[in-house]
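Quick notes on the structure that follows.
The values are calculated or read from the model by the stated rules, or taken from the named source; none is laboratory data. Everything numeric here is computed off the predicted structure, so don't read it as measured data. Reconstructed Cβ throughout: ideal geometry from the backbone, glycine too, with neighbour counts over all protein chains shown.
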Amino acid sequence: MQAIRLARPRVSLRRLATTAQVPTSGPSSVAASVIPLSNVEAQWENMSKSEQAVVHRQLEELQKKDWKTLSMDEKKAAYYVAFGPHGPRAPVSPPGQGLKVFLFTMGLVGVAGLISIGIRSRAPPPPKTLTREWEEATNERALEQKLNPISGISSEGYSGKGFVVSK
C-alpha cells in the first residue's frame, strides 16, 4: 500500500490510521491518503471536502468488516460521520440563542401588558347596563314577562342567577 501525507500534523502511533484510494490531479495517478480516525469530531470542520470524502470511504470499508473487530475510535468516527452535527444536521442557531429568544419574548409580553394597562386607564367607564343593579332589574323584568318559561328564569324550580353576571 502506498501512503502520502496530507498537510496534517504528525500522528502518533497510538492513533489509528487507515488508507483509501483517492485520485489526485493526474488522470492516471492514484495515491493513498492517511487520515487518522481517532479524533474525527475535532478535525471534521477543518478538513477539505476531498478529505471528508476519503474518511467517509474509509469508514464505509471498515463498516463492511465485523463490528466486533472495530476499535472504539473507528466506531465513534463512523457514528459521527453518519449522524454528527455537520452539514444538514448542523445547529441552525448558536448555543445560548434560546435564552435570548426567551428574554426577548418576555420583554415583548411585558410591553404588551403595559400598553394594555395604558389603554384601559384611558378608557371610558363601563356602560350602566353592566352594573349589578341593572342586571337584577333585568331579572325582575324577565319574571314579569315570564321570559323562557320552559327552562329559563321563569320556569318552576329555577335556581340560577338569571342575567346577573357581575360581582
Cβ-Cβ under 7 Å pairs, at least 6 apart or on other chains, the range 110-130 side at pLDDT below 95, far side of a type in the set (G, A, S) and in a loop (DSSP other than H, G, I, E, B): L130/S166
Single residue of A112, A77 found to be farther than 30 Å from S166 by Cβ and aliphatic (A, V, I, L, M): A77
Members of the range 41-81 that are in a helix (DSSP H, G or I) and in contact (Cβ under 8 Å) with a residue 40 or more places away in the chain: E41, W44, E45, E51, Q58, E61, L62, D73, E74, A77, Y80, V81
Check on P85, in the same structural domain as Q58 (by TED's automatic domain parsing), in a loop (DSSP other than H, G, I, E, B) and either in contact with a His (Cβ under 6 Å, 6 or more places away or on another chain) or not charged (D, E, K, R) (or both): yes
